[in-house]
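The next block holds one structure in the form of structure tokens; read it before the comments.
The values are calculated or read from the model by the stated rules, or taken from the named source; none is laboratory data. Everything quoted here is computed from the prediction, not taken from an experiment. Cβ placement follows ideal geometry from the backbone for every residue including glycine, while neighbour counts extend to all protein chains displayed.
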Amino acid sequence: MDKLNDIAWLRRLAAVACAAICLLAPGTGTAGGGVHFSGSVVSATGILPPALAAFADCEDGRPRIVGRVESGRYAIDLPAGFGCRLVVGDWDWDAAPLAVDDAGSAVAPAILVYPNKLPEPALARELIDMGQRDQALRDKWDPAHPGFAAHAQDEDGARQRRLADIIAAKGWPGISMVGWDAAGAAWRIAQHAPPERLAAWLPLMREAGTRHEILPAHLAMSTDRVLALHEKRRQRYGTAYRVRPDGLREPFPVEDPAQLDQRRLGVGLPPYTAPPAGCERYAETLNTMAGVDQALRRKMNDQDADGAAWQRLGAAIAIVDRENTRRLQTYVARCGWPARALYGRSAAHDAWLLAQHSPDLAFKKQALALIEKAARARGQPFDTDSAYLADRIAAAEKRPQRFGTQMRMPTPDHPCRFEFLPMDDRERVEARRRALHMEPLEAYRMTMLKSAQCPVETSAAPAATPAN
């Protein structure tokens, strides 16, 4: 559910708040039964608006659950054992959506509401753009690529210097100053800073936390990063990880492990989860499978498209893709989709790559749903991995693609003809690509031509094939 739809629902509910929402008995959602989930509502101005609405969308597929806000508290019945997204607000007031991992164990936090006419709208737009660029860099993370580390350091450094200027001029950019999404972007940029710079900002973040101007989970993750990497002390929430010599990830040492889950629940984090038995080498196995996938495809690119070697490699790739799909399905059933916090960013990307090349359309759809769920849990937007997989699925189903990532492959008779498969309206596709910091369609086609060693200046391939 996107933000515009959330606002539409809040406006509809708020318009009839006293006539409808206030008639609901405490703890009675519209779904019938569940766990009573209730916490305080705090106003950034010190004055609560008279009519606030509350609703939640949950993973169990039930209809949207409607709660109520009364006397400075929200109350709603949520299903136990399922993740939910809780939203509070009204026509003129907004709040950060609350991710509830499991209402049966979660601690209901205070929710800050603030006027949606922000005092710093231009700064909010700038921070959101900075945050999108930060995420786009990490979606393409490839430390093995020559020069990538230096490029990433330069990009991150520029954003961090700009954030330092903003903080010096206006203080920590809190939720009521720039909105929850821009405040989240500011936190992500800070979180990716060197530990010593993050340590200098942490007191400001803690002060913002006393006013509910930063999400408790964000503050917890920054605290862990400073404790583990800067102060060389035990972390408190188990969110900071390191890579062992054997390539596996493990959390830095944690203080008082017996109370770890209690501390995590108190800041809105789910209970700590170690890799399940049999999943310890999940990331290593994915890396090996992805390595074979890519090695075969690179070798195939070096062969003539009409040669016998090319055909033999094509048959071998088909066999490997089927076997990789079978193994990935087995791992997903046993271990779940590889969470970045447990297995690392590379493992999540390797799993996407294998799903992208899977011949099993139903599994592609399952993988896309799991990738999108993981992104929502991190509070992050649709990423480039999701865009490529969504387009691959659309192409398989003869539907227009939304991001323009899929092309009709060249043939031996036309080795340099790269044509886009049918897509949505070109302007909308270009806009979606810009939002994900993907290159324009024509630049993308030029990249494909260059990778195939084609003379780009003489290519006459059409730029796109519009969908009807």
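A search for C-beta distances below 6 Å between a residue of region 431-443 that is touching a residue at least 60 places away in the same chain (Cβ under 8 Å) and any residue that is aromatic (Phe, Trp, Tyr) and outside any helix (DSSP H, G or I), counting only pairs 6+ apart in sequence or on different chains, returns nothing. In the set (1) assigned to a helix (DSSP H, G or I); (2) in contact with a helix residue (DSSP H, G or I) (Cβ under 6 Å, 6 or more places away or on another chain); (3) in contact (Cβ under 8 Å) with a residue 40 or more places away in the chain, residue 346 fails one condition alone, (2). The condition of being part of a loop (DSSP other than H, G, I, E, B) and either within 20 Å of residue 213 (Cα to Cα) or touching a Cys at 6+ places or on another chain (Cβ under 9 Å) (or both) holds for residue 50. Against the condition within 20 Å of residue 374 (Cβ to Cβ), in a loop (DSSP other than H, G, I, E, B) and of a type outside the set (Val, Ile, Thr), how does residue 338 come out, does it pass? The answer is yes for residue 338.
Of the set (1) assigned to a loop (DSSP other than H, G, I, E, B); (2) under 30 Å from residue 84 (Cβ atoms), all apply to residue 280 but (2). Residues that are crowded, with 16+ Cβ neighbours inside 10 Å and in contact with a Cys (Cβ under 8 Å, 6 or more places away or on another chain) were ranked within region 261-299; the one that is modelled with the lowest pLDDT is 275. Restricting attention to region 51-80 and to residues that are in contact with a Gly (Cβ under 6 Å, 6 or more places away or on another chain) and surrounded by fewer than 20 Cβ atoms within 10 Å (Cβ to Cβ), the residue that is farthest from residue 176 (Cα to Cα) turns out to be 80. How about region 33-72: which of its residues are in contact with a helix residue (DSSP H, G or I) (Cβ under 6 Å, 6 or more places away or on another chain) and among the charged types (D, E, K, R)? The one that is in contact with a helix residue (DSSP H, G or I) (Cβ under 6 Å, 6 or more places away or on another chain) and among the charged types (D, E, K, R): 68.
Kindly provide the set of residues from region 264-295 that are more than 15 Å from residue 350 (Cβ to Cβ) and among the aliphatic types (A, V, I, L, M), ordered by number. Scanning region 264-295 gives 265, 267, 269, 274, 277.
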